[in-house]
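Worksheet for the structure shown next.
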Amino acid sequence: MGDDRSRKEDSSRRRLLTAAKDLLWRQGYEKTSPQDVLTLSGVGKGSLYHHFPGKRDLARAALDEVRDELTAVAMSLLAGGDPPLERLRRWLLLTRDGLKGCRIGRLASESAVFEAALHDPVAAYFRSLEDLVTAAVTEAVTRGELPQTLSPEQTARALIAVIQGGYVLSRAHQEPSLCGSACAGAMAMLDALSAIPRAGD
């Protein structure tokens, strides 16, 4: 009996988090209401407040999961034994729907994200991503695949900004392919830099 109740509670919590992650991605934190989450999840109001004291607590738990999921994807693309430029290519040229926006990045412009409870998972994701991209660029520079004059940290930030800016362009023009076009342009610039003859070549 206790196991059945525990499984039911776990199922309700999972449905609430799944619904919250979907809604935060589609309409952001400020436009998402507890009722929206209840409607999408099919969970009763009592279950919501049993698991989460309020909207902010639910959003924080959902964002923690999204942070972990996106970080795992980034690691699968950017870490490993392949040449660093190939890893950067996999990451930059990943198929993205520009109209949907970044699951975390699109929340960064909301005023509520300045609160630590919501800001922490957003900032943590971008720190992890920046570290992964910086490591790949550093390796490419060390191997002579990119010029020594490049700052790996600045280059990593620029590449991340291309993706986030690509989402903005796609949404501004209502054209989902523009994000991919911006990323392809960034990769073309890396390829051009890698083709520049260097001393000793």
Original post:
Only one of (1) more than 18 Å from the chain's Cα centre (by Cα); (2) surrounded by fewer than 15 Cβ atoms within 10 Å (Cβ to Cβ) is not met by LEU150, so which one is it?
Top reply: (2)
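Does ASP191 count as at pLDDT below 95 and either under 21 Å from ARG127 (Cα atoms) or out of contact with any Lys or Arg (no Cβ under 7 Å at 6 or more places or on another chain) (or both)? Outline the logic, then answer.
On the way: at pLDDT below 95: no; either under 21 Å from ARG127 (Cα atoms) or out of contact with any Lys or Arg (no Cβ under 7 Å at 6 or more places or on another chain) (or both): yes.
For ASP191, the condition - at pLDDT below 95 and either under 21 Å from ARG127 (Cα atoms) or out of contact with any Lys or Arg (no Cβ under 7 Å at 6 or more places or on another chain) (or both) - is not met.
Could you tell me whether segment 66-78 includes any residue that is at pLDDT below 95 and either part of a helix (DSSP H, G or I) or of a type outside the set (A, V, I, L, M) (or both)? Don't jump to the end; show me each part of the working.
Of all residues in segment 66-78, those at pLDDT below 95 come to none.
There is no residue in segment 66-78 that is at pLDDT below 95 and either part of a helix (DSSP H, G or I) or of a type outside the set (A, V, I, L, M) (or both).
Among the residues of segment 38-65 satisfying the criterion of being among the small types (Gly, Ala, Ser) and assigned to a helix (DSSP H, G or I), which is surrounded by the fewest Cβ atoms within 10 Å (Cβ to Cβ)?
GLY46
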Subject >> Residue selected from segment 95-115 under the condition without any contact (Cβ under 8 Å) to a residue 60 or more places away in the chain and under 15 Å from the mean Cα position of the chain (by Cα), by the criterion surrounded by the most Cβ atoms within 10 Å (Cβ to Cβ) >> reply: ILE104
**OP:** Please state which of the following conditions THR134 fails to meet, knowing it meets all the rest: (1) buried (at least 18 other Cβ atoms within 10 Å of the Cβ); (2) under 29 Å from ARG56 (Cα atoms).
**Re:** (2)
Original post:
How many residues does segment 126-160 hold that are among the basic types (Lys, Arg) and not in a helix (DSSP H, G or I)?
Top reply: 1
Subject >> Count - residues of segment 170-183 that are part of a helix (DSSP H, G or I) and surrounded by 15 or more Cβ atoms within 10 Å (Cβ to Cβ) >> reply: 7
**OP:** Only one of these is crowded, with 18+ Cβ neighbours inside 10 Å and more than 25 Å from LEU63 (Cα to Cα): LEU118, LEU190, LEU159. Name it.
**Re:** LEU190
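The values are calculated or read from the model by the stated rules, or taken from the named source; none is laboratory data. This is a predicted model, so every value here is computed, not measured. Quick reminder, even Gly has a Cβ in these numbers, built from the backbone with ideal geometry, and neighbours come from all protein chains shown.
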